[in-house]
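Below is one structure, written out as structure tokens; the observations come after it.
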Amino acid sequence: YKKVEIKMNKKIYIATVGDNCIDLYDNTGEFFPGGNPVNVAVYIKRMQGNSSYTGVVGTDKFGRFMVDSLSKKGVDISHLKVLPGNTAVTHVEIKNGDRILGDYDEGVMADFKLSNKDIDFLCSHDLVVSGIWGMIESDLYKLKAKNVPIAFDFADKINHQISRIALPWVDYAFFSDDFSKDEDIKNTMKNIKKIGPKIVIFTRGTKGSIAYDGNNFFEFGIFDCKVIDSMGAGDSYIAGFLMSLLNGESIEGCMKNGALSSSITLGYKG
């Protein structure tokens, strides 16, 4: 953790909102808290930042486990709701350190909606983070109207309908693409930038990351580390990048700290 501590110039408060799920490893029976906003909230705390998580869990044992886990990490869960039913579950298998995602049971996440109080709470933070499965893409304009910056993880869903709805309201757009050629990715980034984001970032697995601010492309590699489990690596990159951004770092500095944060997460299971 000391490797990714960022010397902060001010207190930073980041809100995360949207999907949570239990990552259930079918071959071992182990389970861990997960979901992009949940992971980002925890990694922000890991870097001595302040974070909250807004979402919904069920009344089952997984819901209680999620609440307890976030509480122990010091994440503000004052706007985490509990609804009758099951907490979302993602079935996972690990092969050679790479995660293979199986079936997803949405559970009570299917009924997640932001209230006006939730929106006011989110907008009291320095930045709001969500993602492609967060169920809030149609509410982003309400957040934007209150002048809070928005970061969004689109994963590899460049052409998804949710991406088309969300992109005009997002300031920091994160995507993942481990396979396309650099030239193709950069052309895609130019097109995405025209829609509205201030910075477009593509993470590329072992190839590092590329960022584009409308004028220049920035590239950064990776830090060598032993890979135990790739679950959460992209989310930890996002957390490191955003913490550094709010701390006034350059884009290159944000990418470096994102890669450092990711290298820590790769080294443990779950």
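Summary table below
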read-out: Overall form of the chain per C-alpha gyration tensor (a/c, 1.5; a/b vs b/c); value: rounded
read-out: Subset of 72/144; 113/198; 72/226; 117/198; 113/146; 142/194 violating a 23 Å alpha-carbon distance limit; value: 72/144; 113/198; 72/226; 117/198
read-out: Cα-Cα separations in region 37-185 greater than 26 Å, expressed as whole percent; value: 30 percent
read-out: Dipole magnitude of the chain about its Cα centre (Cβ charges: Lys, Arg +1; Asp, Glu -1), debye to nearest 20; value: 840 debye
read-out: Charge context of residue 120, other residues only, Cβ under 13 angstrom, K/R +1, D/E -1; value: +1
read-out: Probe 1.4 Å, accessible area per residue of the chain, Å²; value: 46 Å²
read-out: Cα gyration tensor shape for region 128-186, rounded if a/c is under 1.5, else prolate or oblate; value: prolate
read-out: Rg/Rh (Cα only; Kirkwood hydrodynamic radius) as it applies to region 143-259; value: 0.94
read-out: Karplus-derived HN-Hα couplings along region 160-172 (A = 6.51, B = -1.76, C = 1.60, θ = phi - 60°), whole Hz, x at Gly and Pro; value: 5, 4, 4, 5, 5, 6, 7, 3, x, 9, 9, 8, 10
read-out: Fraction of antiparallel bridges per DSSP, region 27-139 only, in percent to nearest 5; value: 60 percent
read-out: Cβ-defined net charge surrounding residue 140, 14 Å radius [Lys, Arg +1; Asp, Glu -1]; value: 0
read-out: Those trypsin sites (Lys or Arg not before Pro) in region 174-223 that DSSP places in a loop and that have at most 11 other beta carbons within 10 Å; value: 181
read-out: Share of carbon and sulfur in the accessible heavy-atom surface of region 38-84 [1.4 Å probe, %]; value: 55 percent
read-out: Cleavage-rule hits (chymotrypsin sites (Phe, Trp or Tyr not before Pro)) in region 91-133: DSSP loop, at most 16 neighbouring Cβ within 10 angstrom; value: none
read-out: Structure-based [θ]222 nm, the chain - -39500 (n - 2.57) summed over DSSP H runs of at least 4, per residue, nearest 500; value: -9500 deg cm²/dmol
read-out: Modelled FRET efficiency - R0 22 Å, residue 141 with residue 178, Cβ distances, 0.05 increments; value: 0.10
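The values are calculated or read from the model by the stated rules, or taken from the named source; none is laboratory data. Remember, predicted model here, so these are calculated numbers, not experimental data. Note: ideal-geometry Cβ built from the backbone for every residue, glycine included; neighbour counts use all protein chains shown. Areas reflect the complete protein model, heavy atoms only, side chains present, ligands, DNA and RNA absent. Shrake-Rupley method; radii C 1.70, N 1.55, O 1.52, S 1.80 Å.
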